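One structure is given here, and the rest of the page talks about it.
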Amino acid sequence: MDANRARASLRGWGGVATMAVLCALALAFVLLLPCTQRVTPEPGRAGQRVATGAQARADGCTDAGAHERTLPPAGADGPTIEAIRARTGAKRKLVVGVDQNSYRWGYRNPNTEGARLEGFDIDLAHRIAEDILGDRNAVQFKAIPTSRRIPAIQDGRVDMVVRTMTITCDRLRQVAFSAPYFRTGQQVLAPKSSPVTGYDGSLAGKKVCTATGSTAYAKLDADRKTGRLPRSTDLSTTVPNQLDCLVRLQLGEVDAVVTDGALAASQAAQDPTVELKGEAFTTEYYGVAMKKDADDLVRRVNRVLVDYSANGWQKSYDEWLSATLGRDPAASKPPAPRYLRGD
């Protein structure tokens, strides 16, 4: 029932009594909702345990724990991997959806021969291709916009997406994810001269740019409805690729950009007139996305990530991200992976 209509129809002492009954029923319903709680040792803090609780959706998924809903690592081949290996000639490659405009993540370096794709995500894609096909260069990169990542997987145009893609419950209903390979959070990017101070009341009346289909837009839209974000904040500007937001900001068409802090830091490195405003206001994890039924590929990628975390992740971070995110990767490296049980 709409809250305003409910209040309008409940007047006088009779209405108060009726409302009391409704409140009691609502409270009972809330208490009966399923709630998940995990007690997990926090990496790097021996002996300390952190308990986190969040209301579960009907399928038991919570965004806070979505990054733990993946299959345990395994090295056995299955139908998906066998199909990839069965490709012949020039087509015998792992097809990976990536970005080509995210500086230091997946971008074409104009100063290299052939404008080679480089970045943190690109390194990981090469590592996966090396494990599956025995050749790190046996990978075909397909540039896809933010809003087309899931359709590209579902339509079979790519085997996987390695493109700063946050693991969420809604996305898990459409694709499968690996364990997380990076931790970040949403932040505000604005001109240094801007009165915007962060994710707060300073965004009132401001025009904010986000990428279509991004977690940034979903978060801002939800927060504006609940009042955490000023209702006068204009969210009408959405773009296919995140870098387009930086262009809009440079042209003065928007007042601020909201995106993952890891991406925002790279954009600030490209344009010294802008900067991050305030702290990150979410915690998010990037994962490799694959088809829902590609269990063997998911398990294989998770095995690669276990090895990569110990040997390769730090080197790639130092090369591509330390200049923008700092030399200490502690805030960016995800916690020790947890997997679904009973598989």
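The values are calculated or read from the model by the stated rules, or taken from the named source; none is laboratory data. What you see is a predicted model; the values in this text were computed from it and never measured. Neighbour counts are summed over all protein chains in view; Cβ atoms, including those assigned to glycine, are modelled from backbone coordinates with ideal geometry. To get the accessible areas, we keep the full protein, side chains included, count just its heavy atoms, and leave off ligands, DNA and RNA. Shrake-Rupley method; radii C 1.70, N 1.55, O 1.52, S 1.80 Å.
For the stretch 137-237, relative contact order (Cα pairs under 8 Å, six or more residues apart, normalised by length) works out to 24 percent. The distance between label points at Asp221 and Thr283 comes to 2.6 nm (points 7 Å beyond Cα on the Cα→Cβ vector).
For Leu297, what is the net charge nearby, where nearby means another residue's Cβ is under 13 Å from its Cβ and Lys, Arg count +1, Asp, Glu -1?
Net charge around Leu297: -1.
Across the stretch 238-250, coupling constants 3J(HN,Hα) worked out from phi with the 6.51/-1.76/1.60 Karplus curve, θ = phi - 60°, read 10, 9, x, 10, 4, 4, 4, 5, 5, 4, 4, 5, 5 Hz, and Gly and Pro carry x.
Karplus-based coupling profile of the stretch 169-179, in residue order and whole Hz: 5, 4, 6, 5, 6, 10, 9, 9, 10, 6, 5, with θ = phi - 60° in 6.51 cos²θ - 1.76 cosθ + 1.60 and x standing for Gly or Pro. Rolling a 1.4 Å probe over the protein chains gives Met290 an accessible area of about 0 Å². The distance between label points at Glu253 and Asn101 comes to 1.0 nm (points 7 Å beyond Cα on the Cα→Cβ vector). Remark on Asp159: its backbone amide H falls under 5 Å from those of Val95, Val96, Gly97, a criterion applied only to residues 5 or more positions apart or on other chains, H modelled at 1.01 Å from N.
Between Arg231 and Ala83, what FRET efficiency comes out of the Förster formula 1/(1 + (r/R0)^6) with R0 = 45 Å and r the beta carbon distance, rounded to 0.05? Each step should come with its number before you reach the end.
Details: r = 50 Å, r/R0 = 1.11.
Plugging the Cβ-Cβ distance into 1/(1 + (r/R0)^6) gives 0.35.
Quick one: net charge around Ser214, please, counting Lys, Arg +1 and Asp, Glu -1 for every other residue with C-beta under 13 Å from its C-beta.
On the way: positive: Arg148, Arg149, Arg163, Arg171, Lys219; negative: Asp99, Asp170, Asp221, Asp244, Asp260, Glu284.
That sum, taken over residues with Cβ under 13 Å, equals -1.
What is the sum of charges, Lys and Arg at +1 and Asp and Glu at -1, for the other residues whose Cβ falls under 10 Å from the Cβ of Arg92?
Working: positive: Arg85, Arg87, Lys91, Lys93; negative: Asp135.
Summing Lys/Arg as +1 and Asp/Glu as -1 gives +3.
If you take the Cα centroid of the stretch 68-141 and the Cα centroid of the stretch 260-305, the two points sit 16 Å apart. The label-point distance for Ser147 and Thr197, in a model that sets each label 7 Å from Cα toward Cβ, rounds to 3.5 nm.
Protein chains only, probe 1.4 Å: how do Asp99, Asp200 rank by accessible area, largest first?
Reading off the accessible areas and sorting them downward yields Asp200, Asp99.
Cross-link pairs exceeding 29 Å between alpha carbons, from the set Lys142/Lys277; Lys93/Lys291; Lys91/Lys292: Lys142/Lys277.
Amide H to amide H distances under 5 Å link Asp234 with Gly205, Lys206, Lys207, Val208, where only residues 5 or more positions off or on other chains count and H is placed in the peptide plane. Between Ala74 and Arg173, the C-beta separation translates, for a Förster distance of 25 Å, into a calculated FRET efficiency of about 0.60.
Using 0.36 nm per residue of separation minus the Cα-Cα distance, give me the extension gain between Asp59 and Asp155 in nm, one decimal. Please report the intermediate quantities before stating the final value.
On the way: separation 96, 0.36 × 96 = 34.56 nm, distance 2.46 nm.
Going from the current span to full extension adds 32.1 nm.
Residues whose amide H comes within less than 5 Å of that of Lys292, counting only those at least five positions distant or on another chain, are Ala176 (H built at 1.01 Å from N in the peptide plane).
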